[in-house]
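Notes for the one structure printed next.
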Amino acid sequence: MRMRRFRSMLVIAGLLVAGASARAQEDAQPSRATPDGLAPNAPAVLAGTLSKVRSSGTIALGYREASIPFSYLNARNEPIGYSIELCKALVSAIGDAVDRTLAIKWVPVTPDNRIDAVVSGRVDLECGSTTSNLERQKRVAFSPIIFVAGTKVMVKNGSPIGSFRDLAGRKVAFSAGTTNEKALRDLDQKFGLGMRLQVVPDHAQGFAQVASGRADAFATDDVLLYGLIAEHAGAAAGEYRVVGDYLSYEPYGIMFRKDDPQLAQVVKDTFQELAADGEIDRQYKRWFLRRLPSGASLNIPMSAQLETIIQAIAGTDAQ
């Protein structure tokens, strides 16, 4: 992986070469070009996020408190999860690219403020369960896809709700700032269901709404629902179920600032390496097939769709 990161550094140098070195400018002899077209020892000017983290020695990672198993807090209030581990790999690669060990500053974000946190520079990488779609790509950039989910609803066992049509007139909770909200509102309008929609700040609150009876259902991505149920299994085993067809398609990615070509190159190269050497697959098994730190297990095999995506990510570097 070090060699791949070295190549990333060369690409970054090619993006913003400041010019030949002072010695080369004074020397009448023509400089020798490298195979990559760069003059030997050509100084690269870091820009954007790479310049920021090189100067500060710190990189800010946005994490979620209840996006199980992607990004959430363990019993010691430390951010853990599948997305967190992939972000840590990115931090290592970024550190190599700027030739500095980077300290991580952990910043909590919510579905409602995560995009603004990235755009404003409050966080450099958002490590959660964020859907990459065309609308969001107008404001931020995304890594290659790390998971594919879809909107479903969670209800208590014994609930008469079995499909989206059964949501007519029901109280349905959703997290603010999510794509699930659009899916619900579009569905409600299209079929005239008259749902009583309830906005909650995060997934944990959505689960609590159903648990307390203040909502009939909680709508979010299916994998997050399974994660919430698994984490509550000790006290509520078998009390909840995920029902209905998919109401939307949600491909997840790591979010970072738009129009930052140096960082985008490091992200691209790092994900190619992680896919090619099997690290994405290993992390998937760790968080979706094995027991979580709480002792719960999701037991969600990797979908054929995600397998194909990861193979494609790895294959793009085989040139």
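Each reported figure results from applying straightforward, stated rules to the coordinates on display, with no laboratory input. Small disclaimer: the values here were computed from a predicted structure and weren't measured. Please note: Cβ atoms are built from the backbone with ideal geometry, for glycine as well, and neighbour counts cover all protein chains shown.
Which residue, chosen from 198, 157, 168, occupies the Cα position most advanced towards the positive end of the dipole of the stretch 151-248, where the dipole is computed from +1 (Lys, Arg) and -1 (Asp, Glu) charges on Cβ about the Cα centre?
Going by the Cα projections, it comes out as 168.
Apply the Karplus curve 6.51 cos²θ - 1.76 cosθ + 1.60, θ = phi - 60°, to the phi angles in the stretch 181-188 and return the couplings in whole Hz, x for Gly and Pro.
Residue by residue, the stretch 181-188 yields 4, 4, 4, 5, 5, 5, 5, 4 Hz.
Which value in Å is the Kirkwood Rh of the stretch 204-310 over different Cα pairs?
Numbers: mean 1/r = 0.0607 Å⁻¹.
Taking the inverse mean of 1/r over all distinct Cα pairs, the stretch 204-310 comes out at 16.5 Å.
Hey, with R₀ at 35 Å, roughly what FRET efficiency would residue 122 and residue 304 work out to, going by the Cβ-Cβ distance, to 0.05?
0.40
Taking H placed 1.01 Å from N in the peptide plane, check which residues at least 5 places from residue 246 or on another chain put their amide H under 5 Å from its amide H.
none
Per q in 0.31 1/Å, what log10 I(q)/I(0) does a Debye calculation on the alpha-carbon atoms of the stretch 94-141 return?
-1.22
Where in the stretch 162-224 are there trypsin sites (Lys or Arg not before Pro) that are in a DSSP coil and have at most 15 other Cβ atoms within 10 angstrom of their Cβ? Intermediate values should be presented prior to the final figure.
On the way: sites: 165, 170, 171, 182, 185, 190, 196, 214; in loops: 170, 214.
Those that pass, being in a loop and sparsely packed, are 214.
Could you tell me the ratio Rg/Rh of the stretch 151-248? Both radii from Cα atoms, Rh via Kirkwood. Don't jump to the answer; show the numbers that get you there.
Values: Rg = 12.1 Å, Rh = 13.0 Å.
Checking Rg against Rh, the ratio lands at 0.93.
Of the peptides 45-56, 78-89, 292-303, how do they stack up when ordered by the mean number of other Cβ atoms within 10 Å, highest first? Can you show the working numbers first?
Working: 45-56: 17.4, 78-89: 21.8, 292-303: 15.1.
Sorting 45-56, 78-89, 292-303 by mean packing, highest first, produces 78-89, 45-56, 292-303.
Can you list the HN-Hα couplings for the stretch 99-107, worked out from phi with the Karplus curve (6.51, -1.76, 1.60; θ = phi - 60°), rounded to whole Hz and with x for Gly and Pro?
Calculated HN-Hα couplings, in order: 6, 7, 6, 9, 7, 8, 9, 8, 10 Hz.
May I ask you to compute the full-extension gain from residue 185 to residue 290, defined as 0.36 nm times their residue separation minus their alpha-carbon distance, rounded to one decimal in nm?
Working: separation 105, 0.36 × 105 = 37.80 nm, distance 3.57 nm.
Once the chain is fully extended between residue 185 and residue 290, it gains 34.2 nm.
Over 26 Å between C-alpha atoms is what I'm after, so list which of 52/182; 156/182; 138/182; 52/285 land there. It would help to have the intermediate numbers written out before the result.
Values: 52/182 35 Å; 156/182 23 Å; 138/182 17 Å; 52/285 34 Å.
Over 26 Å apart, Cα to Cα: 52/182; 52/285.
Compute the distance from the alpha-carbon center of the stretch 170-246 to that of the stretch 247-319, in whole Å.
First find each Cα centre; the distance between them is then 25 Å.
Determine the equivalent ellipsoid of the stretch 57-117 by diagonalising the alpha-carbon gyration tensor, then write out the semi-axes as square roots of 5 times the eigenvalues, largest first, rounded to whole Å.
Numbers: eigenvalues 91, 35, 20 Å².
Sorted largest first and rounded, they come to 21, 13, 10 Å.
Using amide H atoms built in the peptide plane, which far-off residues or other-chain residues are under 5 Å from residue 123 H to H?
HN-HN under 5 Å from residue 123: 118.
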